[in-house]
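Engineer: Questions regarding the structure given below will be posed in turn.
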Amino acid sequence: MKVRYRAAAGLTVLAMAVAACGGGGETKQPNAEQSKQAQQQMSETPSISINAVPYEQVKDGGTLTVAIGQWPSQWNGQHVDGNQADTAFMLDAFMPQLMVSDENATFTANPDYLTDVKSEITDGKQVVTYTLNDKAQWSDGTPITWKDLEAQWKANSGENEKFKPASKDGWDKIESVEKGDSDKVAIVTFKQPYLEWQGMFNRGTSHLLPAEHIKTPEAYDKDYLQKIPVTAGPFKVEKLDEGTKTLTLVADDKWWGKKPKLEKVIFRTIETPAAQVNAFANGEIDAVEIPPGSPADLKRAKEVPDVDIRKALSPNWRHITVNNQSEFLKEKSVRQAVQYAINRDVITQSDLKDMDWPLQTLGNHVFMNNHKSYVDNSGDLGKYNLEKAKQLLDAAGWKQEAEGQLRKKDGKEMSLDFVVPAGVPYAKTEGELTQAMLKEAGIGLTIRPVPDDKFFTDFIIKGDFDLVPFSWIGTPLPIGSLPQIYKTGSESNFPKSDDPAVDKAIDAAASATDETQAAQLANEADKLIWDLVHTIPLYQRPDIQATKKTLANYGAEGYKYNNWTEIGFTG
């Protein structure tokens, strides 16, 4: 499969004091004792925390109300404009996922949609046979068949450039999707063995959509634009309210699987974390995410009566994306200078201080700190080095005439912009810290707040930024993120980087058939990505959820996919 990373604009926080952070040097690199403490805290953080309760012990009925930070316009999660964490979160409740992951990142067939799945090597090619559940059907009464899998492949493979998938990885490795013994059997043949095939046809790549609504570029763009015409899950749409930005789901009486415990699910758009915590404290919502950079929100949530704070290690990470095509950043040496001038430890400590989370920077673009294949590949570039930054800028022709002045080249001052979603205070704080650091190197930085709901579609996707902070929300299969995020030409390669050596290393990792070899090759690719300065990793993002104590089978899922039939209340 292709690891589908969901872009989630850090929907969050209370601004943090910048006082002690100044420029790059006032907050020092963590000492050995601090690093040891962070590693110990990392090892003690659980892989899942959802108040797991057997289905039979969850009461029938009830309404779950939760908040999202970004209201989508595009409900086709495969589309580059629909590739957002909040969208995927909502789709989980009413769209198909053929394979699902547990907390150990182990994938199994989802019995609601598959009765069998098998992967075999035939004549050197990998053949995956999906046997669909006879009862599985779309809400319009159309059976779910092999044609739906075929349409998803054709739309996302990259063969037709009029389609705009968030990623074509995995799909571009498929040779054919054919009918088996019946319409309920799909035979997927890959051009070569593909290690991460389990992540296809689920939230890792995107939920399955009906062929009728994605088979043409026009349908792919418009059929799920501001509407949800067809579903196929335990819940169905009762009301999609664009005015209040609220989605209301009810249990689908045509659902063929295990009856969901909840009667209704309401997703309310509440854009700021402080407002979300207020809603939780007032009993308006039943659970709330506590994002990084919001210790005051965490403290307030802990004070709510009968609250349960659930946290887990997830495949999600915070970073700064660096536009490789912007006027000032086209030269790699200049991007490296910017990297050296940014003290990642300062930003990490600012965002995570008092969050009950390990203060540990991330040294890898692929594997999280707690992953067995994690290696710190950041090298010298990952270390704050103001003098090195100045040397590189001097060598690139960006001269500083006097201390405190901006550098100039050909009469032009070097000044970057830092685009942030207006409703995310901690993103602004990250900008203020970066601004102070770059100033010491003679680089100007303007913080540019933009509307939250336009942050991705109008700025990140269009490349209208120099530097931009956000979070990648990952899946249990991380290697597939390489071609999606970093390969030349990918819709999700937001910096528009173009490096043949990186592409070659990515292809090698993505084509490996042995897990150990794939991890080694992914780490080799990661070293090149560090050198390229495509993205500046900050830290493994906290997964902290405050919920009502009686809420069962919901919370900090880690690598596990939600099972919406089992979520409910115990009292």
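The values are calculated or read from the model by the stated rules, or taken from the named source; none is laboratory data. Given the structure is predicted, the values throughout are model-derived calculations rather than measurements. Here the Cβ positions follow ideal geometry from the backbone for every residue, glycine too, while neighbour counts run over all protein chains shown.
Engineer: Could you check the stretch 57-70 and list, in sequence order, the residues that are surrounded by fewer than 21 Cβ atoms within 10 Å (Cβ to Cβ) and either aromatic (Phe, Trp, Tyr) or in a strand (DSSP E or B) (or both)?
Structural biologist: Result: THR63, THR65.
Engineer: Among the residues of the stretch 423-433, are any farther than 22 Å from ASN343 by Cα, out of contact with any His (no Cβ under 9 Å at 6 or more places or on another chain) and buried (at least 16 other Cβ atoms within 10 Å of the Cβ)? Spell out how you get there, then give the answer.
Structural biologist: So the first thing to find is which residues in the stretch 423-433 are farther than 22 Å from ASN343 by Cα, and the list is 423.
Checking which are out of contact with any His (no Cβ under 9 Å at 6 or more places or on another chain) leaves us with 423.
Checking the rest, the ones that are also buried (at least 16 other Cβ atoms within 10 Å of the Cβ) come to 423.
Yes, there is a match, as at least one residue in the stretch 423-433 is farther than 22 Å from ASN343 by Cα, out of contact with any His (no Cβ under 9 Å at 6 or more places or on another chain) and buried (at least 16 other Cβ atoms within 10 Å of the Cβ).
Engineer: Could you look through the stretch 198-233, keep only residues that are among the charged types (D, E, K, R) and either in contact with a helix residue (DSSP H, G or I) (Cβ under 6 Å, 6 or more places away or on another chain) or part of a loop (DSSP other than H, G, I, E, B) (or both), and pick out the one that is farthest from LEU91 (Cα to Cα)? So that I can check it myself, show each step before the final result.
Structural biologist: Initially, the stretch 198-233 is screened for residues among the charged types (D, E, K, R), giving 203, 212, 215, 218, 221-223, 227.
Applying the additional criterion that residues be either in contact with a helix residue (DSSP H, G or I) (Cβ under 6 Å, 6 or more places away or on another chain) or part of a loop (DSSP other than H, G, I, E, B) (or both) yields 203, 215, 223, 227.
Values: ARG203: 9, LYS215: 20, ASP223: 15, LYS227: 12 Å.
Restricting to residues being among the charged types (D, E, K, R) and either in contact with a helix residue (DSSP H, G or I) (Cβ under 6 Å, 6 or more places away or on another chain) or part of a loop (DSSP other than H, G, I, E, B) (or both), the top hit is LYS215.
Engineer: Is it the case, given these coordinates, that PHE455 is over 26 Å from SER333 (Cβ atoms), among the hydrophobic types (A, V, I, L, M, F, W, C) and within 20 Å of the chain's Cα centre (by Cα)? Don't jump to the end; show me each part of the working.
Structural biologist: Numbers: over 26 Å from SER333 (Cβ atoms): yes; among the hydrophobic types (A, V, I, L, M, F, W, C): yes; within 20 Å of the chain's Cα centre (by Cα): yes.
Yes: the conditions hold for PHE455.
Engineer: Examine the stretch 353-370 for a residue that is assigned to a strand (DSSP E or B), buried (at least 18 other Cβ atoms within 10 Å of the Cβ) and touching a strand residue (DSSP E or B) at 6+ places or on another chain (Cβ under 7 Å), and state whether such a residue exists.
Structural biologist: Within the stretch 353-370, the first condition is being assigned to a strand (DSSP E or B), and the residues that meet it are 361.
So of that shortlist, the ones also buried (at least 18 other Cβ atoms within 10 Å of the Cβ) come out as 361.
Okay, now just the ones that are also touching a strand residue (DSSP E or B) at 6+ places or on another chain (Cβ under 7 Å), so 361.
So far as the stretch 353-370 goes, yes, one or more of its residues are assigned to a strand (DSSP E or B), buried (at least 18 other Cβ atoms within 10 Å of the Cβ) and touching a strand residue (DSSP E or B) at 6+ places or on another chain (Cβ under 7 Å).
Engineer: Could you say whether any residue in the stretch 127-148 is under 14 Å from THR216 (Cα atoms) and crowded, with 17+ Cβ neighbours inside 10 Å?
Structural biologist: Narrowing the stretch 127-148 to residues under 14 Å from THR216 (Cα atoms): 147-148.
Subset that is crowded, with 17+ Cβ neighbours inside 10 Å: 147-148.
The answer is yes, given that some residue of the stretch 127-148 is under 14 Å from THR216 (Cα atoms) and crowded, with 17+ Cβ neighbours inside 10 Å.
Engineer: If we keep just the residues of the stretch 201-222 that are crowded, with 24+ Cβ neighbours inside 10 Å and among the small types (Gly, Ala, Ser), which is nearest to ALA166 (Cα to Cα)?
Structural biologist: Only one residue tops the list, namely SER206.
Engineer: A follow-up question, please. Please name all residue pairs, on different chains or six or more residues apart, with Cβ atoms under 9 Å, provided the first residue is in the stretch 434-455 and is among the β-branched types (Val, Ile, Thr) and the second residue is in a strand (DSSP E or B) and surrounded by fewer than 21 Cβ atoms within 10 Å (Cβ to Cβ).
Structural biologist: THR434/ILE447; ILE443/SER415; THR446/SER415; THR446/ASP417; ILE447/ASP417
Engineer: If I ask for residues that are part of a helix (DSSP H, G or I), surrounded by fewer than 18 Cβ atoms within 10 Å (Cβ to Cβ) and small (Gly, Ala, Ser), which ones from the stretch 386-407 would you list?
Structural biologist: Hit for the stretch 386-407 is ALA395, nothing else.
Engineer: Determine whether GLN325 is surrounded by fewer than 24 Cβ atoms within 10 Å (Cβ to Cβ), more than 30 Å from PHE569 (Cα to Cα) and touching a Leu at 6+ places or on another chain (Cβ under 8 Å). It would help to see each step written out before you state the result.
Structural biologist: Values: surrounded by fewer than 24 Cβ atoms within 10 Å (Cβ to Cβ): yes; more than 30 Å from PHE569 (Cα to Cα): yes; touching a Leu at 6+ places or on another chain (Cβ under 8 Å): no.
Judged against the criteria, GLN325 is not a match.
Engineer: Another question, then. Out of all the residues in the stretch 544-553, is one or more closer than 30 Å to SER490 by Cα and either of a type in the set (Lys, Arg) or outside the structural domain of LEU329 (by TED's automatic domain parsing) (or both)?
Structural biologist: Scanning the stretch 544-553 turns up no residue that is closer than 30 Å to SER490 by Cα and either of a type in the set (Lys, Arg) or outside the structural domain of LEU329 (by TED's automatic domain parsing) (or both).
Engineer: Answer with yes or no whether ILE342 is in contact with a Cys (Cβ under 9 Å, 6 or more places away or on another chain), of a type outside the set (Ser, Thr, Tyr) and surrounded by 19 or more Cβ atoms within 10 Å (Cβ to Cβ). Lay out the reasoning, then the answer.
Structural biologist: Details: in contact with a Cys (Cβ under 9 Å, 6 or more places away or on another chain): no; of a type outside the set (Ser, Thr, Tyr): yes; surrounded by 19 or more Cβ atoms within 10 Å (Cβ to Cβ): yes.
When the stated conditions are applied, ILE342 does not pass them.
Engineer: Would you confirm whether or not the stretch 330-345 contains a residue that is within 22 Å of GLN545 (Cβ to Cβ) and in contact with a strand residue (DSSP E or B) (Cβ under 6 Å, 6 or more places away or on another chain)?
Structural biologist: Filtering the stretch 330-345 for residues within 22 Å of GLN545 (Cβ to Cβ) gives none.
No, every residue in the stretch 330-345 fails to be within 22 Å of GLN545 (Cβ to Cβ) and in contact with a strand residue (DSSP E or B) (Cβ under 6 Å, 6 or more places away or on another chain).
Engineer: Still on this structure, please answer the following. Quick check: is even one residue across the stretch 514-522 within 14 Å of HIS534 (Cβ to Cβ), assigned by TED's automatic domain parsing to the domain that holds LYS372 and either at pLDDT 95 or above or not hydrophobic (A, V, I, L, M, F, W, C) (or both)? Outline the logic, then answer.
Structural biologist: Taking the stretch 514-522 as the starting set, the residues that turn out to be within 14 Å of HIS534 (Cβ to Cβ) are none.
No, there is no match, as no residue in the stretch 514-522 is within 14 Å of HIS534 (Cβ to Cβ), assigned by TED's automatic domain parsing to the domain that holds LYS372 and either at pLDDT 95 or above or not hydrophobic (A, V, I, L, M, F, W, C) (or both).
Engineer: State all residues of the stretch 287-339 that are within 17 Å of the chain's Cα centre (by Cα) and not in a strand (DSSP E or B); if no residue qualifies, say none.
Structural biologist: Result: ILE290, PRO291, PRO292, LEU313, SER314, PRO315.
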